[in-house]
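Trainee: Here's a structure for you.
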Amino acid sequence: MAPLKSLEADYSIFDSNFQSYCASHGIFTVEDFLIQDLSLLAAFAEKEPKPNRLNEGISQVISIIDRLHQPWVNGLQLLEDAQQNKHVLSTGLEGIDFLLGGGVRQGQLTELVGLSSSGKTQVCLHVTANVAKQETGSVIFVDTGNSFSPQRVVHFVGQSSGSAFNQRVMSNILCHSVYDIFSLFELLHQLDISLRSQGNKGDSKVQLLIVDSVSSLVSPILGGSGSQGHALMTSAGVLLKKLAHEHNISVLLTNHMVGGEGGHPKPALGESWKSIPHVRLLLSRDRDRGNNNCNISILKHPSLASGKAANFNFQD
């Protein structure tokens with residue numbers, strides 16, 4: 001979510017007086033409210049010259065936060081939504097598509113975890129190429145570590161493709177370089193506004209959002225004993241899931257591995273993040289079969305058994 005100042009155009013209540021009051025209490029973004037005692041903040045507001053307007057602003061922020069959370073829905077609504085809207089996007093990698101029943105599902109957040117050099121970015125670039133080459137497929141690629149390679153995308157599109165086709169494919173990809181969590185919030189907030197205003201019904205519909213990698217943005221804010229980092233991490237996860245659900249797009253994230261119990265590697269970002277993705281996949285290189293051969297297995301899935309695995313090759 002964006003800094004309070006950037007919301008002033010949409011919400012007049014967030015004027016300079018409200019921003020100054022918030023700043024005096026160390027609040028500069030909507031995320032800062034997540035770790036505040038709002039009743040205490042409201043009590044302090046009563047001592048200010050315009051307490052009613054300040055409290056109105058606080059209530060407005062709370063309503064914005066509430067809109068990030070999914071409403072209660074019954075099972076029939078969920079089934080109808082899954083059948084009518086939540087289709088799959090082929091990754092273009094036969095093994096992954098076979099394992100997942102067709103590809104990554106729209107309306108869901110899929111996380112790809114693996115050690116360094118396991119092929120996470122390669123998978124992201126392959127999926128980007130496969131979606132962007134469709135007639136109405138548009139991709140937003142959030143690059144957090146200079147990992148986006150247009151040359152690799154063109155390679156995955158196919159060596160036999162003509163330059164005009166390659167140009168059309170590349171024009172269907174929007175790449176944003178983001179290097180901190182606050183820039184990510186700003187980007188996702190603007191994307192939400194854009195998709196709402198367009199109704200996501202343009203000639204090239206946004207179908208896929210990739211963040212490579214989410215852990216490089218979140219890990220730096222998790223240090224120390226404070227709760228602010230975890231609050232920001234949770235907010236990012238909720239906002240990504242909200243974008244996936246409300247705009248019916250597939251969200252694909254990458255996450256690195258860290259040392260776990262007994263020295264065994266485990267996905268980064270801890271237990272709090274573990275519940276965020278709908279689908280969590282583990283990627284590894286199959287060194288015995290060549291550098292381009294990979295193994296993918298399910299760590300978490302709403303409808304498939306954990307442990308199922310498949311092999312695939314980037315030359316497929």
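Trainee: Suppose each label sits 7 Å from its Cα in the direction of the beta carbon; what would the Ala309-Ser183 distance come out to in nanometres?
Mentor: For Ala309 paired with Ser183, the spin-label model returns 3.7 nm.
Trainee: A follow-up question, please. Just order 9-21, 209-221 by mean Cβ neighbour count inside 10 Å, highest at the front, would you?
Mentor: Ranked by mean Cβ neighbours within 10 Å, highest first: 209-221, 9-21.
Trainee: First measure r as the distance between the Cβ atoms of Asp192 and Arg53, then evaluate 1/(1 + (r/R0)^6) with R0 = 22 Å and state the FRET efficiency to the nearest 0.05.
Mentor: With R0 = 22 Å, the Cβ-Cβ based efficiency is 0.25.
Trainee: Within a Cβ distance under 10 Å of Arg280, other residues only, what is the Lys/Arg minus Asp/Glu net charge?
Mentor: Surrounding charge for Arg280 is +1.
Trainee: Assuming R0 = 30 Å, can you tell me the calculated FRET efficiency for the pair Glu94 and Ile64, based on Cβ-Cβ distance, to the nearest 0.05? Write down the numbers at each step before the final one.
Mentor: Working: r = 43 Å, r/R0 = 1.43.
Calculated value: 0.10.
Rule-based calculations on the coordinates, nothing more; no lab input. All figures in this text were calculated on a predicted structure; none of them were measured in a lab. Neighbour counts are summed over all protein chains in view; Cβ atoms, including those assigned to glycine, are modelled from backbone coordinates with ideal geometry.
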